[in-house]
2 protein chains.
Amino acid sequence: MKRYENQQWKESMRITLDFNNMMADMLGEDQGISKESIASLDEQLKTAAQAMKTKREEGKMDWRDLPWNQNEIVEDILNTASKIKQKFDAFVVLGIGGSALGPIAVQQALNHMHYNELSKAQRGGCPRFYVADNVDPERMKALFEIIDVEKTMFNVVTKSGSTSETMSQLMIIWDMLKDKLGEGYRDHIIATTDRENGNLIKIAKEHNLKTFYIPRGVGGRFSELTPVGLLPASVCGIDIEEMLAGAAYMDELCSTQDVHKNPAYMAATLQFLAMKSGKNISVMMPYADSLKYMADWYAQLWAESLGKRYNLKGEEVFAGQTPVKALGVTDQHSQVQLYTEGPFDKVITFLGVGKYRTTMEIPRGFEGIPAVSFLGGHTLNELIHAEQAATEYALLKAKRLNRTLTLPEVNAFTVGQLLYFMEVETAFAGELLEINTFDQPGVEEGKNAAYALLGRPGYEEKKAELDARPQKKEEYIL
Amino acid sequence: MKRYENQQWKESMRITLDFNNMMADMLGEDQGISKESIASLDEQLKTAAQAMKTKREEGKMDWRDLPWNQNEIVEDILNTASKIKQKFDAFVVLGIGGSALGPIAVQQALNHMHYNELSKAQRGGCPRFYVADNVDPERMKALFEIIDVEKTMFNVVTKSGSTSETMSQLMIIWDMLKDKLGEGYRDHIIATTDRENGNLIKIAKEHNLKTFYIPRGVGGRFSELTPVGLLPASVCGIDIEEMLAGAAYMDELCSTQDVHKNPAYMAATLQFLAMKSGKNISVMMPYADSLKYMADWYAQLWAESLGKRYNLKGEEVFAGQTPVKALGVTDQHSQVQLYTEGPFDKVITFLGVGKYRTTMEIPRGFEGIPAVSFLGGHTLNELIHAEQAATEYALLKAKRLNRTLTLPEVNAFTVGQLLYFMEVETAFAGELLEINTFDQPGVEEGKNAAYALLGRPGYEEKKAELDARPQKKEEYIL
């Protein structure tokens, strides 16, 4: 029996949300959120909860079913991953945004923090892992200097196949592989894309590439629990079934319509109220290096989902809250000065860890210097926990909104929970803001302008528009 | 002759600030900054410029002289670095905040992007490089699994020697080294600290450690151009003399009192006006992976320097602007939706690169798919430049304040310029805000609370205060 089939173990691994320090009881009336203000939203909360339910039932939130409906896909992934491990020294994701942030976050959370510097044996036979999520030529060159493309599997990930960055990278490795391997190139490329539409599926079919699919109704930033995230994780030895079980468990925890019992709905409600009172910044501050890139993944989810000019009625609202990534304790020495003394403009979300996966003792020493020697006999575990508690206390004293999500331990089950929690929180916040959580119209302008600048056919008008943009003034350049 | 002794080369490497898109001429009156609003600050700008001059003359801004007064120190560093290269496989900085962010940023900017994965020969004989800037036990354990402490030099960096995180780490490696090397331990530790005061200098003297000094008047976040940053950089093969020459050049460019001709003063002035009109967020978005961690370094500098509860008159002002780190083009697929459609609450600073240090061609291919094949024949360099220009254009159309700092190339000279530019900008912004730019009173509360929780002698009262903090309510935990 897998441990995640044991109800008791699952409950012991349940993520908790502590929002005491969001509330007026703790923070005071001027900054804290009162019970009354939550109560006054009652109708809106019920409507939003109903909308979440209805949309799911109507198949408009396909990402919600991912923890439950992927048995066959998982089997295919496990088989593929096992073959990749045997043959390849490196696994490179070619993808950007939603195709990259999830795989990076999960790898950092669940594998060795210097994974690529270990020997293959130390990695359990898994290949080194890279995500090429930029088109900086210096970075691409650096990557090719440390991998042998003949021993590398490339996983090209784009739903539409029209992502310039990813398709450019594909063209580069395509040429390299053909040059070195002739017809063998196709054994070094796996496509993860839409099942029917777009350029990549066309290419994959024509060249008979191994392919995984991103379900039609699942957008990029909600795709970590599809093959986008599951394949890279599995290739690197992560238990993806446990990850999905964690997501399924969180789905159960978030299944109630009662906001007061639903952790993700409550989290979203408090953020919504905070936004309404002018908190336009949302800081995520994990107290664990393993969770560092969860803040990056969340930053896309929260920014792209909620940052919207129009609401569903078509009114201009310029909604959104800017996500900020921080890291405890590191950023206590960088950002906490601002968080405690600067403007009252943010909500800080701590990600805490109940039990770290190792213990490190601080030996006794420097007995002649009490300001140092008091540390001896403690553990780093105690130190990081004390610092987290101390920072929380300092924020409380300074009346700064903060909340804590605690993972009893960082493992595939809790990471699955965390991902799913944040997705549900985001979707519910979108309902409360009455916006379209799942589109991203604001990236079109830049995308089209880039196409125009590169001379893509059909973008001649946009090119003319760009050519006619106001000339820069020399006096404004120093 | 070194290239940075050639005036023509220096001018060709001059960083430029383009603030067209901050101005009402380009952005429109409702969001842009008008010439009149700058003119109306005239008196304040003159006072601030005078204060910068006077403080420097009075020795109250020692960091301003670092590009000029370190010949002997540089010689010592070069000698030390050369010895370290001969003997050690790894160089580990034990430091946090200002002791860590600069070394990380400079390493990323000027060395191979997979430096630690290269062979020692490929690294030019330099050791692998790590910065242990957190006390997460999982991360410390991971570090010890990939280094051999007997072949590692540890550079412990803390001015006061009272930084719990760094001193804990020192105690751990001290014990390990003594255990393995007996009296040889002292050849594996270099202390960078205050010349006279604090716990670390006491320990260094008692144990006869090699020591470098952080000048008394230079605070942590302004210390990158002291041995804090120069030693690690030099050990990793970076030309620190060129870096200092770059800083010296920027000092010259910023020496005029006339704000309209002084790039750092003008930059600060525009940020000050933006803050006054409610832009409480400052995004730094380099279009180069090499400059990615410059945004982290800047985040500390800007947040800790300007995030202040009181002004110099003792009035409550809750000043500050929250720095956000982004990366182009990567975060176009994560943050730009919010930047173009969300609240009008931010200033975006692009860091651009004139000429990348390599060129990567996109081969022709997929001729049957015009939506892909148009990319062929271009270079990644053209692509990333086009995307930067396109994003700038999209922000302009959406009337979002943005500005661009362009490095003609990323090298030690331009990185030195950039660091110094941001320091002067920050200091001038502090003058305009009439706050103390150089202290950080807001971190004391958390630091003391952590001491109390760990039982440091003398913190019994704080412990009692913590014990008496309001009990958390179960109803606020889900």
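Bear in mind that the values in this text are calculations on the coordinates, not laboratory data. Just so we're clear, the structure is a prediction, and the values are computed from it rather than from any experiment. Ideal geometry is used to build each Cβ from the backbone, glycine not excepted, and the neighbour counts take in all protein chains shown.
Side notes on the structure shown:
- Innermost chain B residue relative to the axis carrying B onto A, by Cβ distance in angstrom: B:V324, 3
- Between segment B:294-322 and segment A:279-312, the alpha-carbon center distance in angstrom: 22 Å
- Here B:N69 and A:E57 are evaluated by their C-beta separation; at R0 = 51 Å the FRET efficiency comes out at 0.10.
- Starting from the label point of A:I477 at 7 Å along Cα→Cβ, the same points in the other copies fall at 5.9 nm, in ascending order.
- Contact order normalised by residue count of chain A, Cα under 8 Å, 6+ apart, percent: 21 percent
- When DSSP beta bridges are restricted to pairs lying wholly in the protein assembly as shown, around 15% turn out antiparallel.
- Shielding by partners, peptide B:388-400 (average Cβ within 10 angstrom, other chains): 5
- The distance linking segment B:224-262 with segment B:135-155 is 31 Å (Cα centroid to Cα centroid, whole angstrom).
- Taking the Cα centre of chain A as origin and assigning +1 to Lys and Arg Cβ atoms and -1 to Asp and Glu Cβ atoms, the resulting dipole is close to 480 debye.
- Each of B:M153, B:N71, B:I173 was scored by the projection of its Cα onto the charge dipole of segment B:65-238, and the greatest displacement toward the positive side belongs to B:N71; charges sit on the C-beta of Lys, Arg, Asp and Glu.
- Segment A:360-415 - percent relative contact order, Cα under 8 Å, separation 6 or more: 22 percent
- Linear extension gain, A:Y310 paired with A:Q44, 0.36 nm per residue minus alpha-carbon span: 93.9 nm
- Spin-label model, A:N6/A:R357: points 7 Å from Cα along the beta carbon direction are separated by 1.9 nm.
- Computed from the C-beta positions of A:S119 and B:S37 and an R0 of 56 Å, the FRET efficiency is 0.40 to the nearest 0.05.
- Helical runs (DSSP H, four residues minimum) scored at -39500 (n - 2.57) apiece and divided by the length of chain B put the mean residue ellipticity at 222 nm at -13500 deg cm²/dmol.
- Taking packing as the residue-averaged number of other Cβ atoms within 10 angstrom, the listed peptides A:463-475, A:216-228, A:256-268 run from highest to lowest as A:216-228, A:256-268, A:463-475.
- Shielding by partners - mean other protein chain Cβ count within 10 Å, residues of B:316-328: 5
- For segment A:90-124 versus segment A:361-385, the gap between their alpha-carbon centres in whole angstrom: 33 Å
- Taking other residues whose beta carbon is less than 12 angstrom from the beta carbon of A:E315, and scoring Lys, Arg as +1 and Asp, Glu as -1, yields +1.
- A crude spin-label estimate for the pair A:E409 and B:K178, with each label 7 Å from Cα along the Cβ direction, gives 3.3 nm.
- Global geometry of segment B:117-161, whether rounded, prolate or oblate, following the gyration tensor of its Cα atoms and the 1.5 cut on a/c: oblate
- Among the GluC sites (Glu not before Pro) in segment B:1-54, those located in a DSSP loop and surrounded by at most 10 other Cβ atoms within 10 Å of their own Cβ are B:E29.
- Near A:L301, once Lys and Arg are set to +1 and Asp and Glu to -1 for all other residues with Cβ below 12 Å from its Cβ, the sum equals -4.
- Percent antiparallel among DSSP beta bridges (both partners in chain B, rounded to 5): 10 percent
- R0 of 22 Å, Cβ-Cβ distance B:N208-B:D439: FRET efficiency to nearest 0.05: 0.05
- Around the Cα centre of segment B:374-465, unit charges on the Cβ atoms of Lys, Arg, Asp and Glu (plus for the first two, minus for the last two) sum to a dipole of about 340 debye.
- Annotated for segment B:193-321: lysine pairs at least 8 residues apart or interchain, Cα distance under 30 Å, count 13.
- Cβ-based net charge around A:Y420, under 11 Å, with every Lys or Arg adding one and every Asp or Glu removing one: -4
- Taking amide hydrogens as placed 1.01 Å from N in the peptide plane, the amide H of B:M23 sits under 5 Å from those of B:I33, each at least 5 positions away in sequence or on another chain.
- Most positive-pole-ward Cα, B:L454, B:F438, B:V410, against dipole of segment B:333-478 from beta carbon charges: B:V410
- Segment A:143-279, relative contact order [Cα under 8 Å, separation at least 6], %: 17 percent
- Overall, the protein assembly as shown carries a charge dipole of about 900 debye about its Cα centre when +1 sits on the Cβ of Lys and Arg and -1 on the Cβ of Asp and Glu, all other atoms neutral.
- Cβ-vector label at 7 Å, A:K399, separations to other copies in nm: 3.3
- Summary for A:R195: label point 7 Å along Cα→Cβ; distances to the equivalent points in the other copies, ascending, 7.3 nm.
- Estimated translational D of segment B:67-154 in µm²/s (Stokes, Kirkwood radius over Cα pairs; 10 °C; 1.306 mPa s): 112 µm²/s
- Kyte-Doolittle at least -0.5, axis length at least 15 Å by Cα - qualifying DSSP helices, chain B: B:164-181, B:240-253, B:263-276, B:294-306, B:380-397, B:412-433
- Proximity of backbone amide H atoms, modeled 1.01 Å from N, is registered between A:F350 and A:M285, A:R403, A:T404, A:L405 at under 5 Å, excluding neighbours fewer than 5 places apart on the same chain.
- Spin-label pair B:E196/A:N79, simplified geometry with 7 Å Cα→Cβ offset, distance in nm: 7.6 nm
- Other protein chain Cβ atoms within 10 Å, averaged over every residue that makes up A:96-102: 3
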